[in-house]
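The values are calculated or read from the model by the stated rules, or taken from the named source; none is laboratory data. In this text the structure is predicted, and so the values were computed from the model without any measurement. Cβ coordinates were reconstructed from backbone atoms using ideal geometry, including for glycine residues, and neighbour counts include every protein chain displayed. All accessible areas refer to the heavy atoms of the entire protein, side chains included, with ligands and DNA or RNA removed. Shrake-Rupley method; radii C 1.70, N 1.55, O 1.52, S 1.80 Å.
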Amino acid sequence: MKISVCGKGGSGKSTIVALLANEARLRGYRVLVVDSDESNSGLFSMLGFDYPPVPLMELVGGKKSLQQKMGRPSVLAESHIVLEDLPPQHLVQRDGLMLVGIGKILQSLEGCACPMGVLSREFLKKLTLEPNELAIVDMEAGVEHFGRGVETSIDSVLIVVEPPLESINVGQKIHDLASGIGVKNIWAILNKVPSDEIATRLRMELQERQIEVVGCIYFDANIFRSSLEGRMPAKGVAVREIKDVLDRILSKAGLPAPK
Ligand SMILES: Nc1ncnc2c1ncn2[C@@H]1O[C@H](COP(=O)(O)OP(=O)(O)OP(=O)(O)O)[C@@H](O)[C@H]1O
Ligand SMILES: [Mg+2]
């Protein structure tokens, strides 16, 4: 299963990725988190790693070299990539949790992030998973990644929606773009919800837009506090709530429990 976590900037994509990845790992899945956000660099720390992996962009000679190769049918040599194929320096891992990064914008005037979108798309297309393996993609904010075709080989899109209307509107756009390219499963997850009343209103809004909601994560002060240190809490309301969300996702996707 390849699941892309999308949504408006700051809605909680990376937080949901970290919560889901950790919960899936605890259940015995091998989890590959793919950092496809070219701007933010703190995901490794949220996942409990001490340093980030060397970006895959370096594997193809950096952004400049990739740009020269753009337009050719394949940027990575293999036609299929299994987790074992990933070179050690491009992967950080512990206890069934793995992280790869596509690349980051590091300098001003270095050009747009399109080559990274191409690499994300090609990598995800070639990535071949076993039934006990999950890939969870921390997507850049907004909808540009759809323009770059990053989701073409993704089977599930999880849209993170927080209370502001703008977040719902971006969610709607993501939903429409994902269904337009035939993504099999498209769900929303509510995040940073302050009360039951707001949860009900958000659910109604999304129902009207025919967007299926797979769960709700309430505003959790533990998460907010831990984010000051760039970490995720090991316990707390959200850590408990994500269990139901993962149950629903796995059962809707028909993914077997890992052996
Ligand atoms: N359920 C929650 N309760 C409290 N705070 C939360 C919750 N979810 C996320 N946050 C906080 O909201 C902020 C943004 O979260 P996060 O970085 O996960 O969003 P994002 O969508 O990945 O942002 P970006 O678009 O910049 O990548 C962080 O400070 C995080 O701790
Ligand atoms: Mg993020």
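The table below gives the values:
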read-out: Matching entry among 157, 137 (being under 18 Å from the mean Cα position of the chain (by Cα), more than 13 Å from ligand 1 (Cβ to nearest atom) and among the β-branched types (Val, Ile, Thr)); value: 157
read-out: Within region 1-87, helices (runs of 4 or more DSSP H) holding 3 or more residues that are at pLDDT below 95, away from ligand 2 (no atom under 16 Å from the Cβ) and open to solvent by 40 Å² or more (accessible area, probe 1.4 Å); value: 62-69
read-out: Failed condition for residue 157, given (1) surrounded by fewer than 19 Cβ atoms within 10 Å (Cβ to Cβ); (2) closer than 23 Å to residue 131 by Cβ; (3) aliphatic (A, V, I, L, M); value: (1)
read-out: Residue match in region 98-117 (condition: over 28 Å from residue 25 (Cα atoms), crowded, with 21+ Cβ neighbours inside 10 Å and either among the aliphatic types (A, V, I, L, M) or modelled with pLDDT of 90 or more (or both)); value: yes
read-out: Failed item, numbered, when residue 198 is tested on (1) closer than 23 Å to residue 21 by Cβ; (2) modelled with pLDDT of 90 or more; (3) among the aliphatic types (A, V, I, L, M); value: (1)
read-out: Conditions (1) more than 22 Å from residue 247 (Cβ to Cβ); (2) open to solvent by 40 Å² or more (accessible area, probe 1.4 Å); (3) under 15 Å from the mean Cα position of the chain (by Cα); number of the one not met by residue 164; value: (3)
read-out: Pair list, Cβ < 7 Å and 6+ apart or interchain, from region 190-202 residues that are within 9 Å of residue 217 (Cα to Cα) to residues that are among the hydrophobic types (A, V, I, L, M, F, W, C) and open to solvent by 40 Å² or more (accessible area, probe 1.4 Å); value: 192/219; 193/219
read-out: Test for residue 159: is it under 24 Å from residue 40 (Cα atoms), touching a residue at least 40 places away in the same chain (Cβ under 8 Å) and touching a His at 6+ places or on another chain (Cβ under 9 Å); value: yes
read-out: Residues (of a type in the set (Phe, Trp, Tyr) and either more than 24 Å from residue 167 (Cα to Cα) or at pLDDT 95 or above (or both)) located in region 211-257; value: 218, 219
read-out: Members of region 130-150 that are modelled with pLDDT of 85 or more, within 16 Å of ligand 2 (Cβ to nearest atom) and open to solvent by less than 10 Å² (accessible area, probe 1.4 Å); value: 136, 137, 138, 139
read-out: Residue list for region 244-258, restricted to those being surrounded by 15 or more Cβ atoms within 10 Å (Cβ to Cβ) and either more than 19 Å from residue 4 (Cβ to Cβ) or touching a Gly at 6+ places or on another chain (Cβ under 9 Å) (or both); value: 245, 246, 248, 249, 258
